[in-house]
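K.L.:
Shown below is the structure under consideration.
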Amino acid sequence: MKTYPTERIRNVALVGASGAGKTMLAEAMLFRAGALDRMGSIEAANTVCDHEPEERDSGSSQVMALASFEWNDHKINLLDTPGSFDFAGDQWAAMAVVDLLVMVVDATSGVDHAVASAWRRAAEAGIPRVFFVNKLDREFVSFDGVLAQLQETFDSGVAPLELPISEGPGFCGVADLLSDDAWLYEGDSITEAPIPEDMADRVESVRESLIEGIVVADDDLLERYLEGEVPSAEELERTLGRGVADASVFPVICGSATAPIGVDRLCNYICGIGPSPLEAEPLRDTAGEPVPVAAGGSPVLLVFKTTVDPYLGTVSVFRVATGTLVADTNLQNSRTGNSERVRTLVTLCGSSSEPASELAAGDLGAVAKLADTSTGDTLGDGSIELAPPPCPEPMLSFAVVPRSKADEEKLSNALRRLCGEDPSLCVTRPMETRQTLISGLGDMHLRTALKRIERKFNVGVDVEDLRIPFRETITAKAAAEGKHKKQTGGHGQFGIAHVRIEPLPRGSGFEFSDEITGGVIPRQYIPAVEAGIREAMENGGKHGYPVVDLRATVYDGKYHSVDSSEMSFKMAGRLAFNAALGEARPVVLEPVSAVEVRVPGECLGDVIGDLSSRRAIVQGTDTGNYGEQHIRALVPESELVRYAIDLRSITGGRGVFSASHDHYAVLPGAPS
């Protein structure tokens, strides 16, 4: 593939629900561009973009795939993104580096939560958008119905550029409202023809409305139009392009990916009205300042995806933020400060690659075998650090254990490398539960991650039940004596400490007080008493959980001038605390999380009812910009172990939540 200048590059992401046909649309675009001799299919598991074994097994996209191809002397970098929220991290990463979103809408089901969620994120970021209404060759579809739904759900700027010629199994072409021509499809043949007579009146009506919506963006064009002059298709397309780049106009294109019908028209529109990197919003640095797209200067790259390829090794996929990148260049990683050598540049088309001599500013490409570069890293001269792509917050955790002793040694490295590929995964090891937790966006996300650990890194992993970090505290004052006396010949061990414990407000932690008078315990042994008490608290109380929120006071004791030692008083402090704890009416505390849930309005009652069954305290609800409901609640952490799975079931996959630790509360019904 030849090198293209920035103004002839188009970076595009396909977004939409699972099953909307994004992967087949990418396949059809590659076929129409001549990059493929024949189209693959999901059923045959031979599409370009679904090349991971887990994707082919499941029949749905799970990993962002880059497919670059040439069209009308332009280079289109196409990112096929997963539709399931379980893999939303890749969609968010793609949206951070592209200049145009093609929102794929299934004509058989219309607007769904995945399209609405992607629209919400794109609107917040100001990313230009076009719609592709797919599967118009299926039974019982209505383009007019889908169009009305799009206009009602999203924005008045949603406007059709085409109308389908027939619908359902008879779908055979599209009527272009800008050129007032029809395009008929029969197999691989595409024919330009006049608008069918039975569509003429409708096409004229919709076309007039479209022109009126376009010319208002250009004062000169509007004035000429009001004087009776009809703008040319080229003038309308240029003005439309400015509206698309400003994210104020959202064209609707129609077709079928499997036929394929209208796919070539989509490629034409991407090159004709889609913004180049020069016209779109540039990437920003960590301070929020834009990094201008310019051919000159040192190249700066943002790595937005990292994968492990069985043949190429670790592959880093990047966008050139500024400058021109040539092969065999040394760049500095802004995170590590280390130098990385970019040896061979490649352009990707799914799992296949093609060498590139250089990549212009704004282009997407890949490089293999960088020493220590992860997703989100910046490579450059060290003067700029780009903001990494945002990531959804984890919603579900699995506790993982190695399957064997040999796997134990490799598991940590495998988890680290997996999180380097996918930042929406994170690994933690809480001190209180001593479990290794891998957290992600859902059950499918985590199970797929575990399969990749076994396949890519040859590490056996099992899942065990999550342990909840319960704690204990006391509800009454108590005092006890701790006596440690041992004689073994020679110097013995002797220490007596009287300790009083009393409860503190929740969240206060631990306080230690010294009320020793008269030297009954020498000063040098007081810290040993405190150390013994702290050790006893960490080892757990009556129920085996760490003890918190109390004050311990040492107020009396005895020592021996020969046999006393720090170890003796440490043991005495521990014994005194354990004896007093049993008399202080201990109770179990459970962690409580502050939870924010976002659900469609029609699911509000069901979700609140479910939260109530989880002992939640609902603190309030708010309505979002798109009619969704935001619920704020306090929920015991033990009730959230499977909440990501259950919430998705209740809301049909449309609900999401975030949780953070808020406080500890007494566990109802716990033994005392």
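The values are calculated or read from the model by the stated rules, or taken from the named source; none is laboratory data. Every value quoted in this text rests on a predicted model; they were computed, and no experiment measured them. We place every Cβ from the backbone using ideal geometry, glycine too, and count neighbours over all the protein chains shown. Areas reflect the complete protein model, heavy atoms only, side chains present, ligands, DNA and RNA absent. Shrake-Rupley method; radii C 1.70, N 1.55, O 1.52, S 1.80 Å.
K.L.:
What is the extension gain from S189 to S613, computed as 0.36 nm multiplied by their sequence separation minus the C-alpha to C-alpha distance, in nm to one decimal?
P.N.:
Fully extending the segment from S189 to S613 adds 146.6 nm.
K.L.:
Would you mind counting up the charge near P169? Only other residues with Cβ under 12 Å from its Cβ, with Lys and Arg at +1 and Asp and Glu at -1.
P.N.:
Charge balance in the 12 Å sphere: -1.
K.L.:
Can you say what percent of the DSSP beta bridges in the chain, counting only those with both residues inside, are antiparallel? Round to 5.
P.N.:
The answer is about 80 percent antiparallel.
K.L.:
Which entries of K477/K570; K22/K451; K2/K135; K2/K456 have Cα-Cα distances beyond 26 Å here?
P.N.:
Beyond 26 Å: K2/K135; K2/K456.
K.L.:
Using the Cα centre of the chain as origin and beta-carbon charges of +1 (Lys, Arg) and -1 (Asp, Glu), tell me which of V599, M199, A584 is placed farthest towards the positive end of the dipole.
P.N.:
Positive-end residue among those listed: A584.
K.L.:
Here's another thing I want to ask about it. Note down the net charge around F69, summing +1 for each Lys or Arg and -1 for each Asp or Glu among other residues with Cβ under 10 Å from its Cβ.
P.N.:
So the surrounding residues net to +1.
K.L.:
Using the per-residue mean of other Cβ atoms lying within 10 Å as a proxy for protection, in what order, highest first, do the peptides 146-155, 356-365 fall?
P.N.:
Ranking, from highest mean packing down: 356-365, 146-155.
K.L.:
From the P(r) of region 91-196, could you give the percentage of C-alpha pairs in the tail past 21 Å?
P.N.:
The share of Cα pairs beyond 21 Å in region 91-196 comes to 42 percent.
K.L.:
Given charges of +1 on the Cβ of Lys and Arg and -1 on the Cβ of Asp and Glu, with all other atoms neutral, how large is the dipole of the chain about its Cα centre, in debye to the nearest 20?
P.N.:
Charge dipole, the chain, about its Cα centre: 4640 debye, nearest 20.
K.L.:
Next question, about the same structure. For region 11-158, rounded, prolate or oblate, judged on the Cα gyration tensor with a ≥ b ≥ c (square roots of eigenvalues), a/c < 1.5 rounded, else prolate if a/b > b/c?
P.N.:
Taking the square roots of the gyration eigenvalues as a ≥ b ≥ c, region 11-158 is rounded.
K.L.:
Percent of Cα-Cα pairs more than 22 Å apart in region 357-469, please.
P.N.:
The proportion of pairs with Cα distances above 22 Å equals 43 percent.
K.L.:
Per residue, what accessible area does region 233-286 have, given a 1.4 Å probe and all protein chains present, in Å²?
P.N.:
Here the residues of region 233-286 average 32 Å² of exposed surface.
K.L.:
Ok, one more. Give me the percent of the accessible area of region 434-485 that comes from carbon and sulfur atoms, probe 1.4 Å, all protein chains in place.
P.N.:
41
K.L.:
Can you give the angle from 0 to 90° between the axis of helix 604-613 and the longest principal axis of the chain, with both taken from C-alpha atoms, to the nearest 10?
P.N.:
Value to nearest ten degrees: 20.
K.L.:
Treat every Asp and Glu Cβ in region 99-228 as -1 and every Lys and Arg Cβ as +1, leave all other atoms uncharged, and give the resulting dipole magnitude about the Cα centre to the nearest 20 debye.
P.N.:
700
K.L.:
Between M199 and V326, take the C-beta separation as r, use R0 = 60 Å, and let me know the FRET efficiency to the nearest 0.05.
P.N.:
0.70
K.L.:
Mind checking the dipole of region 168-298: about its Cα centre, +1 per Lys or Arg Cβ, -1 per Asp or Glu Cβ, Debye to the nearest 20?
P.N.:
With Lys and Arg at +1 and Asp and Glu at -1, about 580 debye.
K.L.:
Beyond 18 Å, what share of the Cα-Cα pairs of region 538-650 remains, rounded to the nearest whole percent?
P.N.:
65
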